[in-house]
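Worksheet: one structure, shown below.
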Amino acid sequence: MAWNPSSALTVLVRLVHRAGEAGIDPAVLDVVWNGLQKVRPAGVRVSLAVGETIVRK
C-alpha cells in the first residue's frame with residue numbers, strides 16, 4: 001500500500017432518481033451542489049453525479 005500526500009482527495013456524491021421519474025430537477029441539483037461546497041473540507045474536490053453521469057465538478 002502506498003500513500004501519496006500530494007494528490008488531492010475527491011469525493012463523489014451520486015444521486016439516483018426514483019423509478020418512473022425522468023430525472024432530477026436542476027434546481028435541486030443546485031441546492032445540493034451549494035450545500036456540498038459549504039461543508040467540504042479545504043483541499044477536497046467534490047463531484048456530483050446523477051446515476052452514472054457527472055453533472056458538476
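When the helices of the chain are scored as -39500 (n - 2.57) per DSSP H run of n ≥ 4 and the total is divided over every residue, the value at 222 nm lands at -8000 deg cm²/dmol. Beta bridges per DSSP, both residues in the chain: antiparallel share near 30 percent.
Taking Cα centre as origin and charging only the Cβ of basic (Lys, Arg, +1) and acidic (Asp, Glu, -1) residues, the dipole magnitude of the chain rounds to 240 debye.
Diffusion coefficient of the chain by Stokes-Einstein, Kirkwood radius over Cα pairs, 10 °C, 1.306 mPa s: 124 µm²/s. With each label modelled as a point 7 angstrom along the Cα→C-beta vector, the R56-A8 pair spans 1.6 nm. Close amide H pairs (under 5 Å, H built 1.01 Å from N) link V50 with L15, V55, residues at least 5 positions away or on another chain.
Taking every alpha-carbon pair under 8 Å whose residues sit at least 6 apart, region 9-56 reaches a relative contact order of 56 percent.
Computed from Cα atoms, the angle from the helix 26-39 axis to the main principal axis of the chain rounds to 30 degrees.
Throughout, read-outs are computed from the coordinates displayed, never taken from laboratory work. Computed from a prediction, not measured in an experiment: that's the story for all the values here. When we count neighbours, we look across all protein chains shown, and the Cβ atoms used for this are built from the backbone with ideal geometry, even at glycine.
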